[in-house]
Amino acid sequence: METFSINAETRPAGTKGDARKVRNAGSTPGNLYRAGEAAKAVAIDGKALSAIFRKTNNPNTIISVSLEGVVHPCLVREVQRNPLSRKVEHIDLLAVKAGERVSVRVAVTASGRAAGVRSGGQLRLLARAVNIECEAFSIPKVVDVDVTSLEIGRFIKASQLPTPEGVNIVFSQDFNVVTVEGKVKEVVEEAAADAKAAPGGKAAPAKGAAKAAPAKAAAKAAPAKK
């Protein structure tokens, strides 16, 4: 898993005004914490942080935070953005260790062209992300599921999602993740065949018509009773 480095420094854990001063200085206020320990108020290089987010486009990126001469591998836990500019205004970082298991949310993607889609259906992702538990440095970017054999009206559940070794899908109740909706395309082969077989492209006469014609002719030929 790719990691990125960034510098940080401690800051006073004060009011919103103190956090505003940190932002005005070009840094991003945040908290760095480890399970069972008190959080540390930090100020992080805002430009470097934004560059990391643009490059990875992955909320589960591990960031190596250098603070007071010590490097802390951290998982991004929460990001607060300005609703208009989308600029990062605050970040929470969870310090992790090698071998430590964490719970994160990971996107779901579908690969392949589903059999149901080939029959006229439409693929639909019912859950675009799932909760997983895994080792902190082995977080998959996505959980990908092959839908090639998925027929119309069939589902793939969370319990059926493929995951790398050591990665577990977490749920309290199993649920549907992907399906193919729609109806199978109907092709009227007999009508098409009749249209091709008939002279001039006209539809062939209905069955029984040929037998009815001689009967009428015989009726005309028969002499009238006296």
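The values are calculated or read from the model by the stated rules, or taken from the named source; none is laboratory data. The structure displayed is predicted, hence computed values, not measured ones. Heads up, the Cβs are rebuilt from the backbone with ideal geometry, glycines too, and the neighbour counts pull from every protein chain shown. These accessible areas exclude ligands, DNA and RNA; they are computed on the full protein's heavy atoms, side chains included. Shrake-Rupley method; radii C 1.70, N 1.55, O 1.52, S 1.80 Å.
If residue 152 meets every condition in (1) over 33 Å from the mean Cα position of the chain (by Cα); (2) at pLDDT 55 or above; (3) open to solvent by less than 70 Å² (accessible area, probe 1.4 Å) apart from one, which number is that one?
(1)
Hey, can you tell me all the residues within the range 37-72 that are part of a strand (DSSP E or B) and either buried (at least 19 other Cβ atoms within 10 Å of the Cβ) or within 25 Å of the chain's Cα centre (by Cα) (or both)?
40, 42, 43, 44, 62, 63, 65, 67, 72
In the range 135-151, is there at least one residue being in a helix (DSSP H, G or I) and among the aromatic types (Phe, Trp, Tyr)?
yes
Please work out which residue is nearest to residue 47 (Cα to Cα), limiting yourself to the range 92-109 and to residues that are in a strand (DSSP E or B) and either open to solvent by 60 Å² or more (accessible area, probe 1.4 Å) or touching a helix residue (DSSP H, G or I) at 6+ places or on another chain (Cβ under 6 Å) (or both).
Residue satisfying both the conditions and the ranking: 105.
Can you name the residue in the range 127-141 that is within 20 Å of residue 156 (Cα to Cα) and among the β-branched types (Val, Ile, Thr) and, of all such residues, is surrounded by the most Cβ atoms within 10 Å (Cβ to Cβ)?
Here the answer is 132.
Please work out which one of (1) surrounded by 18 or more Cβ atoms within 10 Å (Cβ to Cβ); (2) in a strand (DSSP E or B) is the condition residue 77 fails and give its number.
All conditions pass for residue 77, except number (1).
Table: residues versus (1) touching a residue at least 12 places away in the same chain (Cβ under 8 Å); (2) in contact with a helix residue (DSSP H, G or I) (Cβ under 9 Å, 6 or more places away or on another chain); (3) among the aromatic types (Phe, Trp, Tyr); (4) under 27 Å from residue 166 (Cα atoms).
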site: 62; (1), (2), (3), (4): yes, yes, no, yes
site: 73; (1), (2), (3), (4): yes, yes, no, yes
site: 76; (1), (2), (3), (4): yes, yes, no, yes
site: 85; (1), (2), (3), (4): no, no, no, no
site: 90; (1), (2), (3), (4): yes, yes, no, no
site: 111; (1), (2), (3), (4): yes, no, no, yes
site: 130; (1), (2), (3), (4): yes, yes, no, yes
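Are any residues in the range 1-38 among the aliphatic types (A, V, I, L, M) and without any contact (Cβ under 8 Å) to a residue 40 or more places away in the chain, and if so, which ones?
Within the range 1-38, 13, 22, 25, 38 qualify.
Would you tally the residues in the range 159-178 being crowded, with 16+ Cβ neighbours inside 10 Å and under 12 Å from residue 125 (Cα atoms)?
2
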